[in-house]
Every structure is written in structure tokens, then in C-alpha cells.
1. When residue 104 is evaluated against the numbered criteria (1) surrounded by fewer than 16 Cβ atoms within 10 Å (Cβ to Cβ); (2) modelled with pLDDT under 70, which criterion, by number, is the only one it fails?
2. When the stretch 67-90 is examined, which residues are found to be in a strand (DSSP E or B) and farther than 15 Å from residue 49 by Cβ?
């Protein structure tokens, strides 16, 4: 039995990560779940948030938005709609996206798609939390 688990994260565009890790925590659609080696197999829909994994005592972060995670005893495969390593996140772009989404939500105009604006707001805030967590602050300055 191995003390590590293979983590694969892919999007429709690219392979984001393929690495043996000690632990995986992911944002399931109904709440966060954690996976250690030799976990019972299951399938989960993913929400918007930060997937994190531990390797050699260090925590690494990946922003995830939608998709599925397939968990097995020796592997976690994440098929995500959007996935970005924390270092890839452009905080200024996320901040501007948050401002646009907040502006749309405040307008309350008939032509505003509220569900879309709320999803955009949620994604931008999760991106900023992911980046700030990776930088060690643990919080996001909103």
C-alpha cells in the first residue's frame, strides 16, 4: 500500500496537474471532501472553490469551477470546467471581474442575468482566495 495518491487535474483545454500527493481536499457541490490514500471509490460533482493538496508538508492550491472528481484507492481524477494553479491567477483581473459582477447585481435591470452575474462574482472571489491562500495570508483582501 502506497502512502501517496495520484492527483490528475484536467480541463477541456489542458492538463493542469499530474502529481503524487499525500492528501487532496476538494470543493464538492454539497461541501468540501478530503481524500487520503486507500480511500473508498466515489464520484462527486464539484462546485466553485479551492482544491488543495498536501505534498511533503506543504499545501498547494488550485482554483476549480465546476466539473467532477472521481476518487479511487490510489487516484483522484478531476475533470474541471475551469482549473488554475494559484500562481497562474491574475489577481487584478479577478478583482476587475468581481467589480463588474457587483455592478451588474446592483443595477437590478431587466437585462441583467443575475445567475450569471452571481456565478461570476463567486468565481472571482474564489480565485482571489486561492491566490492569497497560496501566498500564505490565508485570507483574501476584498
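The values are calculated or read from the model by the stated rules, or taken from the named source; none is laboratory data. Note that the structure is predicted; figures quoted are calculated from it, not measured. A quick note on method: Cβ atoms are made from the backbone with ideal geometry, for glycine too, and the neighbour counts reach across all protein chains shown.
1. For residue 104, the exception is condition (1).
2. 70, 71, 75, 76, 77, 79
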